[in-house]
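Every read-out reported here was derived from the displayed coordinates using simple, explicitly stated rules and does not represent laboratory data. No experiment lies behind these values; they were computed from the predicted model shown. Neighbour counts are summed over all protein chains in view; Cβ atoms, including those assigned to glycine, are modelled from backbone coordinates with ideal geometry.
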Amino acid sequence: MSSDRAVTSIAVVGAGPGGLYLAISLKLRDPSLSVVVHERNRPDDTFGWGVVFSDQTLANLKANDPRTAATIEAAFVHWDDIDVHIHGQTIRSGGHGFAGIGRQRLLTILHERARSLGVDLRFQSEIADIRALDADVIVAADGLNSRVRNENPEVFGVDIDVRTNKYIWLGTTQAFDAFTFAFVETPHGWIWGHAYQFEPGASTFIVECSEATWRGLGFEAMDQEQTCRAAEALFADWLGGHALMSNARHLRGSAWLSFPRVTCSNWRDGKVVLLGDAAHTAHFSIGSGTKLAFEDAIRLAQALTDGGDLDAALAAYEAERRIEVLKLQSAARNSTEWFETMDRYVGLDPLQFTYSLLTRSQRVSHENLRLRDEPFLTRVERWFADSAGAPSTDNPPPPMFAPLKLRGLTLPNRVVVSPMCMYSAEDGMVGDFHLVHLGGRALGGAGLVFTEMTDVSADARITPGCAGMYRPEHRDAWARIVRFVHAQGSRIAIQLAHAGRRGSVERPWGPRADQPLLDDGWALIAPSPIPWSDGDQIPREMTRADMDRVRDDFVRAVQWAAEAGFDMIELHCAHGYLLSSFLTPVSNHRTDEYGGAVENRLRFPLEVFAAMRAVWPRDRPMSVRLSASDWVEEGLTPEDSVVIARAFADAGCDLIDVSAGSTTPDGQPVYGRMFQTPFSDRIRNEAGVVTMAVGNIYETDHINSILAAGRADLCALARPHLADPNWSLRAAAELGWRGIQPPVQYLAGFAQLARNLEKRQQAGPI
């Protein structure tokens, strides 16, 4: 299609909400346009029940077409509350600002508005060849099962991820006064309903469960009528005698579905453009499918009527909308996975379970919940503080400032300075830099300060600048730092490690950063003779004698760490260093009892841990850092990491420090906010162990949301603490929490900071 060709005619395939709203938006902007909408079904055919709108979606509609928005709003059923029913309890949270409308009512409103603007609506119009349509631009708005898209999957770069749970859209005449989640435990697993009213005396009732539960309950063999009756029995407590109904008679069989997550790398093929569910889908649990379709329609209408270069306008439409779609799809993926792994959370207290459900997509945060429903959030915070053993007060602390007890160690709060290599030691000896660096973070209010990775022998270092614990002088240097940290009321842990195949390289700065040492290097050992990369030294495969020496080096380091006064000790089994190299099949190709199955690969790290635990004081806790995924095919999996975490817990580990990746240069992590927290969530709630989350956690909201939802018990921050040693004190001031005690020397400054922040919050945005 020529870029300079004027667009005078547009054909839309599909008369769902997205296609109709595009037609309306086009005619509003240019009444002279010829807009024809083709729909294979009749105007009164509909296969859904209700549609959910947020306040923001309605605001977007008002800005685009106030008349249509007003008509839709007049038909709304509004609610603010969400009810969660589980374990015989009902937990209510308010302030959520949603509205429902019947899908058929919505379509009727859009039909009438489109006709009034001159849109040509053609129902029962089956398009055999879309390219035969006589139009300058053809928009495929033909829904989730788009024929246009599926006939050319390679052109549109179609990726369809069919999710594991089964669900069915049903309706009922029961009127729910809140968005209702009802969870029912059966002998075959959990099943639950998503229910909301969309018009007086009518509600959507979506039933969802795992495939195993679906089969176990016999739904596989039921038709739609039988399914409705069986579901009525399961959810009788909430239906009040009202029936469940299906309007999917066009579907053969039971009408149960598995949700397909659709993404397309390209939304355009010549004059054919995809819109709405044809281009992308978002799981029903976040109720954003219609929102995305409407917003696509508004932006595409702008692109087609702006009068500029058409190719550029359509490219801009796709680029802009793709960003917004990815945000929603990311949130939808989080929500989908929460429901797919719901078994992890049913053991939580009902209040915490509800909090976890409400924050599952990461679109609703801790402080956002405070704005929506402060009494609910205060209830959550009070429950969390009481469970943590915090002193009883009228104003409970935010979760990040609740204590945590690990054996005989009580941390005053749950903010941790993550272990960060500084590469500033001399022959393993830490000095004034480390005193100021670690001491400054202790002064800044963190509940626990970790040393950097500290190596148990000279040949266990990554670089010549790495810290060590392999000479008595190292113990004494560390003892000086420990004494200072303790004097500030903080706690300190030492992370002990062996670099393995990642050793004998330059510091990570300068012209030869991370390259093998040219002078004064050392020989490397590893489970298998596999170098870190092609340019790195090939390590020697470890013998039993090597294992014994390494184990003994760790034991000696532990003994000196105890003498230095450390509160906790961590064994580093992550990021491709020696013990991590045993755990991952990427670097462990051994054929003896230390290779092969995960239980064998785990054998030597467990031997080391057990030997360390035996000489470490019983009242002091130990942790293990794991890379929960290699981020590569055929690598260590999250499932493996649950097994590994359980094994360490059984051996006496008190905390799993959950990281991921950096086990091979070939890893392909998926970055984002809190991107490693799902691994912590899984290990904590499947293995039943205390965990620490790390990885792009940088806001108080992140920490409080993670902790309150039961996704981790501690949160470690690295770069935020590099940027601001007083990060925890500043966070307390921002949250208005006065329970933290700054050093007496800093009290005046902290008080002023708190006052200034309070004034700024009262003033609002400038």
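Computed quantities for the displayed model
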item	result
Whole-angstrom gap from the range 704-729 to the range 49-115, using each part's C-alpha centre	36 Å
Fully extended contour minus Cα-Cα distance, from Glu220 to Ala545, at 0.36 nm per residue	111.2 nm
Size of charge dipole - the chain - debye, nearest 20, with Cβ of Lys, Arg +1 and Asp, Glu -1, no other charges	1300 debye
Angle in degrees between helix 432-443 and the longest Cα principal axis of the chain, rounded to the nearest 10	50 degrees
Backbone HN-Hα couplings from phi across the range 605-612 [Karplus 6.51/-1.76/1.60, Hz, Gly and Pro as x]	x, 5, 4, 5, 4, 4, 5, 5
Residue order, fewest to most surrounding Cβ atoms within 10 angstrom, among Arg544, Arg360	Arg544, Arg360
Hz values of 3J(HN,Hα) by residue in the range 586-593 - Karplus curve (6.51, -1.76, 1.60), Gly and Pro given as x	4, 10, 10, 10, 5, 10, 8, 6
Theoretical gain in end-to-end length, Glu324 to Glu185 [0.36 nm per residue, Cα-Cα removed]	46.4 nm
Spin-label pair Thr108/Val346, simplified geometry with 7 Å Cα→Cβ offset, distance in nm	4.1 nm
Across Lys27/Lys271; Lys291/Lys327; Lys62/Lys271, pairs whose alpha-carbon gap is larger than 22 Å	Lys62/Lys271
Pairwise FRET efficiency - Glu151 versus Asn696, Cβ, R0 = 56 Å, nearest 0.05	0.90
Per-residue HN-Hα couplings for the range 229-243 [Karplus 6.51, -1.76, 1.60; θ = phi - 60°; Hz; x = Gly/Pro]	5, 5, 5, 4, 5, 5, 10, 4, 4, 10, 8, x, x, 7, 7
Anisotropy class of the chain from Cα gyration tensor, a/c 1.5 cut	prolate
Sequence-distant residues sharing a close amide H with Asp514 (under 5 Å, placed H)	Glu506, Arg507, Trp509
